[in-house]
1. Take HIS56, HIS148 and order them by how many other Cβ atoms sit within 10 Å, fewest up front.
2. Work out how much length LYS146 to LYS178 would gain on full extension: take 0.36 nm times their residue separation and subtract the Cα-Cα distance, in nm to one decimal.
3. Taking neighbour Cβ counts within 10 Å as the exposure measure, how do SER110, SER144 sort from fewest upward?
4. What's the exposure ranking of ASP74, ASP177, ASP166, going from fewest to most Cβ atoms within 10 Å?
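We did not get these values from a lab; they are worked out from the coordinates using the rules stated. What you see is a predicted model; the values in this text were computed from it and never measured. Virtual Cβ from ideal backbone geometry, glycine too; neighbours counted across all protein chains shown.
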Amino acid sequence: MSDQSGSRSHQYDPSMIKILGGREAVRLRPQMYIGATNQQGLHRLLEFLVEGLLSHYSALGQPLDQITVRLEEDGSATIITSMAVASPTFLQQSTPELQRDFLRFGRIWSLFVVNALCERFSITIREADHQWQTLMFEQGTLRSNKSHAISPPASNCTIWLRLWPDFTILESNSFDDKQTQELMRTLSSDHGVAITVIRERSSRS
């Protein structure tokens, strides 16, 4: 009979269990949340982000007119949401505080996961009187919150976000144009919202 005393000495007990916080858990085990850390997982971030925005607008009773996904030259992506008319009720409800709480506490879980897996994540929100509020996160943690008057990327823009995926966690460092187009075509069909994908090209020759 083999001696099992050695194996008993290495058995786990409750003191060895480590409880991780939400952001930390996502960053430590990303596959549990986005399925993979390869290019499939990278595009999953875009899918989560667009679906989270659609849920947010739907919950506030303000249908979207257009979503633009712009793939930036540096490997980041910008998502711009537009509507024909932003109602006063929507502008009052879609506050930076609400957005910050969504991202920090996971009230919209998909946005929370995206934020946790980004090196940086910025969200710029249209307020009343042509004022805009920008929240900047780093690895899921709020770093700055400032109000300013800026020129939006579209006249009817209400929220735009930019994500810089954390490529120390994700293996693929660029979004694939064709895969992004196919993904957004599916989301557009499922939700009845026009989604345009643009590849930002360098102006240099």
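1. Numbers: HIS56 22, HIS148 9.
By the 10 Å Cβ count, ascending: HIS148, HIS56.
2. Details: separation 32, 0.36 × 32 = 11.52 nm, distance 3.58 nm.
Full extension from LYS146 to LYS178 adds 7.9 nm.
3. Numbers: SER110 23, SER144 10.
Exposure proxy ranking, most exposed first: SER144, SER110.
4. Numbers: ASP74 9, ASP177 12, ASP166 19.
Final ranking by Cβ density, sparse to dense: ASP74, ASP177, ASP166.
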